[in-house]
1. Return the pairs, sorted by first residue and then second, in which the second residue is part of a helix (DSSP H, G or I) and among the aromatic types (Phe, Trp, Tyr), the first residue lies in the range 152-176 and is buried (at least 18 other Cβ atoms within 10 Å of the Cβ), the beta carbons are less than 6 Å apart, and the residues are 6+ apart or on different chains.
2. When you scan the range 52-94, how many residues do you find that are among the small types (Gly, Ala, Ser) and away from the ligand (no atom under 16 Å from the Cβ)?
3. Go through the residues of the range 38-45 one by one and say whether even a single one is more than 16 Å from the ligand (Cβ to nearest atom), within 17 Å of the chain's Cα centre (by Cα) and at pLDDT below 50.
4. Quick check on Ile197: is it surrounded by 21 or more Cβ atoms within 10 Å (Cβ to Cβ) and free of Cβ contacts under 8 Å to residues at least 60 places away in the same chain?
5. Tell me whether the range 204-221 contains one or more residues that are crowded, with 16+ Cβ neighbours inside 10 Å, touching an Asp or Glu at 6+ places or on another chain (Cβ under 6 Å), of a type in the set (S, T, N, Q) and more than 16 Å from Glu73 (Cα to Cα).
6. Can you pull out every residue in the range 61-108 that is farther than 17 Å from Pro140 by Cβ, touching an Asp or Glu at 6+ places or on another chain (Cβ under 9 Å) and not small (Gly, Ala, Ser)?
7. Would you point out the residue of the range 99-124, among those that are under 21 Å from the mean Cα position of the chain (by Cα) and among the small types (Gly, Ala, Ser), that is farthest from the ligand (Cβ to nearest atom)?
8. Any chance you could count how many residues in the range 181-194 are surrounded by 16 or more Cβ atoms within 10 Å (Cβ to Cβ) and either part of a helix (DSSP H, G or I) or among the basic types (Lys, Arg) (or both)?
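The values are calculated or read from the model by the stated rules, or taken from the named source; none is laboratory data. Here the structure is a predicted model, which is why all the values come from computation and not from measurement. Using ideal geometry, Cβ is built from the backbone for each residue, glycine included, and neighbour counts are taken over all protein chains shown.
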Amino acid sequence: MKKRHLQQSSLFLCALLLICICIGAFSSLKPAAPPAAVPAGAETGGQPTVYLTFDDGPSKVTGDILDYLAEEEVPATFFVIGIDSDRGKTLLRRMVQEGHAVGLHTYSHVYSEIYASPDAFFADQKKLRDYLKGVIGYSPAIFRFPGGSNNYTAEGWVLDGICAEAQKEGLVWFDWNAVAEDSGSTAAPPGEMAENIIQSGGDKERIIILMHDNSIRTTAVDCLRIIIPYYKEKGYQFKTLTPTTEPIQFNKVE
Ligand SMILES: [Zn+2]
């Protein structure tokens, strides 16, 4: 009687085990749950991120900037103008080859022309897009307004018109939330530039730094020699801007 009871118990346990295995097998056959919606800024992986951006290049200092970025293995974004020369083309190709992003600034960078009307702005931008397509093989979909999207040189209707058209065309403009204040008529001392960046950027999770890549700005690399190690030490990662990066925009179109 006791033996029979034991046999029954064993059978029951075996059956239970079999059911468990079956449930396990079937549940593993079920399709994977769809991935959760990607929250804004997910490309940073939750890590504080610095986006180094350089306006107005390529220039005589671009090579030095690229050399140092390569040494530190840090990518950056260059909002370029129309420098139609062999040296300019070589530098643009080098930016792309070394993993940096190229964005549009404007071809001429002449405020009175580009900000005459939204049409004038896009005519200039098209010239730059066509030029870059020929040099680097693609036409960037990110851009930066000379002076920022809320600059005081252009009239409001022009800036708003540019923003509205850009949004329609899927072009993304990026302003900034940290500045080197390196736009003076002479090169700024690198320590001051670094301090300006660190003060204006604060402890933000995402810092878009505005610097200039311009032949007068001969101290840009020395400034980078301060801020790149500084942000690395603080646990920041460095990324390029892309059309899907959550932008910082002074002027928004609702
Ligand atoms: Zn500029």
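1. Ile162/Phe121
2. Of the residues in the range 52-94, 3 are among the small types (Gly, Ala, Ser) and away from the ligand (no atom under 16 Å from the Cβ).
3. Checked against the condition, which is being more than 16 Å from the ligand (Cβ to nearest atom), within 17 Å of the chain's Cα centre (by Cα) and at pLDDT below 50, the range 38-45 yields at least one hit.
4. Yes, satisfied.
5. Within the range 204-221, one or more residues are crowded, with 16+ Cβ neighbours inside 10 Å, touching an Asp or Glu at 6+ places or on another chain (Cβ under 6 Å), of a type in the set (S, T, N, Q) and more than 16 Å from Glu73 (Cα to Cα).
6. Answer for the range 61-108, where residues must be farther than 17 Å from Pro140 by Cβ, touching an Asp or Glu at 6+ places or on another chain (Cβ under 9 Å) and not small (Gly, Ala, Ser): Val61, Ile65, Leu66, Leu69.
7. Step by step, filter the range 99-124, then rank; the result is Gly99.
8. Result for the range 181-194: 3.
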